[in-house]
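Report on the following structure.
The values are calculated or read from the model by the stated rules, or taken from the named source; none is laboratory data. Not measured: the values here are computed from a predicted model. All Cβ positions, even for glycine, are placed from backbone atoms using ideal geometry, and neighbour counts span all protein chains on display. Calculation scope for accessible area: heavy atoms of the full protein, side chains included, ligands and nucleic acids excluded. Shrake-Rupley method; radii C 1.70, N 1.55, O 1.52, S 1.80 Å.
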Amino acid sequence: MNVLVLNSGSSTVKFQFISTDLETIRQSADKRLARGTIERIGGEAVITAQLESGAKRHTTSPLRDIRAAIDHIVRWACSDSSGISELKTVADIDAVGHRVVHGGERFTHSALITDDVLRGIEDCIDLAPLHNPGNVKGIVAARDIFGPGLPQVAVFDTAFHQTLPERAYLYALPYQLYRRHRLRRYGFHGTSHRYVAYRYRQLRSLAPEKTNIITLHLGNGCSAAAIREGKSVDTSMGLTPLEGLVMGTRAGDLDAAILDFIASKEGLSIQEVESLLNKQSGLLGISGLTNDMRELLDEAHEHNDRRAWLAIDLFCYRARKYIGAYLAALGGADALVFTGGIGENSAEIRRRICEGLEWLGLEIDADRNAAMLSGREGPISREGSRLGAYVIPTDEELLIARDTVRTVQGEATRY
Ligand code: ADP
């Protein structure tokens, strides 16, 4: 099956075309046909696409809305000029898989999109007002373009964490707030945590029930997950992606009374404070320079910038605290797994996070650690280290394509 994977935001659509089926999944022989992004939808949109061969295309086009954007990439992919031999006409696209940020408590697995499922996703807009509206628009647009007969599947960022026990997902707030508004921790990046946990057990030839690990997704957004017997039992993001680790521009954990304090001292509304916590904090806020870890490391090394070092230090310290907390929550784990742009590429950040954890049996192998970047996958701990450490590049789009195929073909989506 040729699957179009869509991640639709308010003014950006990320897409991939992936060819896969049940047998291909078993053999891990899925084929990526093309990938790309459309940015600045609503004006003169910028379209970048890359074929598996490496050939790149960069164009601009006035695209009014998400529907026009999806229509544009489908027409391009199915035209002779794209060079994608598997796609000759629109009829060669067999299904669409959508990344949906919030699935609330209803969606514990990926779901075939029906009118009822779409209503369920709309019902979650309250919980993710910044993300779910774009996802809904993407679904409606694809239905418009391909017709109601083409199967579409929603893959939720929150679904993997629906196995959290009450003690991990409840805030210690009046219980009625949970009952009335479903106010609780949901967690995000679930598709990424689930994918790297799956790859880890493949690498180690383990059954899901033997998979006891801590996964660290460190990108622009960052989150950790505690995984016991293959299931997520705790995770660092909460009701929204603001909670937990220090991120590119998000503060992560803080004292809730800070909101009112900043609002009154700085004369800001609650919405403005929330925006400050989401967009001007984290690495950017502390360093005053950038939210980009690579730039921050360069700045720290080249100019010994004090605040660049400080931001790096806060970032690594918070991640280390979560490792400690999750080891306690799990009663021990077999390995840490690093993923995301920072987790996959920065040996220095991985080393700094793991620093001082030798006492609990974590021995990082400096050579292995230094060699693990640019999409490489494997261990960075020493042979025989009691707690292992791995780098596993994430691939959320692949998992979305596979879930789409499995859901359409009626095979249960496994973790
Ligand atoms: P997103 O969460 O937006 O998908 P990514 O997972 O691509 O983001 O991660 C982006 C982050 O990864 C940026 O902070 C970037 O600087 C960082 N990064 C990428 N490569 C490196 C590297 N070689 N060293 C340090 N940081 C890196």
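When both residues are 6+ apart or on different chains and their Cβ atoms are under 7 Å apart, which pairs have a first residue that lies in segment 153-167 and is in contact (Cβ under 8 Å) with a residue 40 or more places away in the chain, and a second that is open to solvent by 40 Å² or more (accessible area, probe 1.4 Å) and part of a helix (DSSP H, G or I)?
Pairs that qualify, where the first residue is in contact (Cβ under 8 Å) with a residue 40 or more places away in the chain and the partner is open to solvent by 40 Å² or more (accessible area, probe 1.4 Å) and part of a helix (DSSP H, G or I), are 153/408.
Looking at segment 1-109, what strands (runs of 3 or more DSSP E) fall wholly within it and have at least 3 residues that are under 16 Å from residue 395 (Cα atoms) and either basic (Lys, Arg) or open to solvent by 40 Å² or more (accessible area, probe 1.4 Å) (or both)? Steps first, answer last, please.
Values: elements: 2-8, 13-19, 31-39, 44-51, 56-62, 95-100.
It comes to 31-39.
Any idea which of 392, 400, 364, 380 is more than 30 Å from residue 33 (Cα to Cα), within 16 Å of the ligand (Cβ to nearest atom) and open to solvent by less than 60 Å² (accessible area, probe 1.4 Å)?
Working: 392 fails: more than 30 Å from residue 33 (Cα to Cα); 400 fails: more than 30 Å from residue 33 (Cα to Cα); 364 fails: within 16 Å of the ligand (Cβ to nearest atom).
Every option except 380 fails the conditions.
Would you mention how many residues in segment 233-260 are aliphatic (A, V, I, L, M) and not in a loop (DSSP other than H, G, I, E, B)?
If we filter segment 233-260 for residues that are aliphatic (A, V, I, L, M), which is where we start, we get 233, 237, 239, 242, 245-247, 251, 254, 256-259.
Among the residues that remain, those that are also not in a loop (DSSP other than H, G, I, E, B) are: 233, 258-259.
So the count comes out to 3.
Could you tell me which numbered condition residue 222 fails, if it satisfies all but one of (1) over 30 Å from residue 294 (Cα atoms); (2) open to solvent by less than 10 Å² (accessible area, probe 1.4 Å)?
Against the list (1) over 30 Å from residue 294 (Cα atoms); (2) open to solvent by less than 10 Å² (accessible area, probe 1.4 Å), residue 222 comes up short only on (1).
In segment 244-259, which residues are surrounded by 18 or more Cβ atoms within 10 Å (Cβ to Cβ) and either more than 16 Å from the ligand (Cβ to nearest atom) or farther than 13 Å from residue 168 by Cβ (or both)?
Filtering segment 244-259 for residues surrounded by 18 or more Cβ atoms within 10 Å (Cβ to Cβ) gives 244-252.
Within segment 244-259, 245, 246, 247, 248, 249, 250, 251, 252 qualify.
Any idea how many residues of segment 214-232 are assigned to a strand (DSSP E or B) and of a type in the set (Gly, Ala, Ser)?
As a first pass, look at segment 214-232 and keep what is assigned to a strand (DSSP E or B): 214-218, 222-228, 231-232.
Now narrow it down to the ones that are of a type in the set (Gly, Ala, Ser): 223-226, 232.
Total satisfying the criteria: 5.
I need the full set of residues from segment 171-207 which are of a type in the set (Gly, Ala, Ser) and either more than 18 Å from residue 226 (Cα to Cα) or surrounded by 15 or more Cβ atoms within 10 Å (Cβ to Cβ) (or both), in order please. Walk me through it before giving the result.
Step one: filter segment 171-207 for residues of a type in the set (Gly, Ala, Ser), giving 172, 187, 190, 192, 197, 205, 207.
Once the filter is applied, which keeps residues that are of a type in the set (Gly, Ala, Ser) and either more than 18 Å from residue 226 (Cα to Cα) or surrounded by 15 or more Cβ atoms within 10 Å (Cβ to Cβ) (or both), segment 171-207 yields 172, 187, 190, 192, 197, 205.
Note down all Cβ pairs under 9 Å where the first residue falls in segment 270-282 and is more than 22 Å from residue 316 (Cα to Cα) and without any contact (Cβ under 8 Å) to a residue 60 or more places away in the chain, the second is part of a helix (DSSP H, G or I) and open to solvent by less than 20 Å² (accessible area, probe 1.4 Å), and they're at least six residues apart or on different chains.
Listed by first residue and then by second, the contacts come to 270/263; 272/263; 273/263.
Please name all residue pairs, on different chains or six or more residues apart, with Cβ atoms under 7 Å, provided the first residue is in segment 51-79 and is touching a residue at least 24 places away in the same chain (Cβ under 8 Å) and the second residue is basic (Lys, Arg).
66/137
Going by the conditions given, is residue 298 closer than 22 Å to residue 346 by Cα, within 12 Å of the ligand (Cβ to nearest atom) and surrounded by fewer than 20 Cβ atoms within 10 Å (Cβ to Cβ)?
Working: closer than 22 Å to residue 346 by Cα: yes; within 12 Å of the ligand (Cβ to nearest atom): yes; surrounded by fewer than 20 Cβ atoms within 10 Å (Cβ to Cβ): yes.
So residue 298 passes the test.
Conditions first: (1) more than 17 Å from residue 322 (Cβ to Cβ); (2) touching a residue at least 40 places away in the same chain (Cβ under 8 Å); (3) not hydroxyl-bearing (Ser, Thr, Tyr). Residue 238 passes all but one, so which condition is the exception?
The single condition residue 238 does not satisfy is (1).
Any idea which of (1) on the phi < 0 side of the Ramachandran plot; (2) more than 14 Å from the ligand (Cβ to nearest atom); (3) among the small types (Gly, Ala, Ser) is the one residue 221 doesn't satisfy?
Looking at each condition in turn, residue 221 falls short on (2).
What number of residues within segment 345-356 are open to solvent by less than 50 Å² (accessible area, probe 1.4 Å), in a helix (DSSP H, G or I) and within 15 Å of residue 292 (Cβ to Cβ)? Show your work before the answer.
Here is the first cut: in segment 345-356, the residues open to solvent by less than 50 Å² (accessible area, probe 1.4 Å) are 346-350, 353-354, 356.
Checking the rest, the ones that are also in a helix (DSSP H, G or I) come to 347-350, 353-354.
Next cut, within 15 Å of residue 292 (Cβ to Cβ) only: 348-349.
The number of residues fulfilling the criteria is 2.
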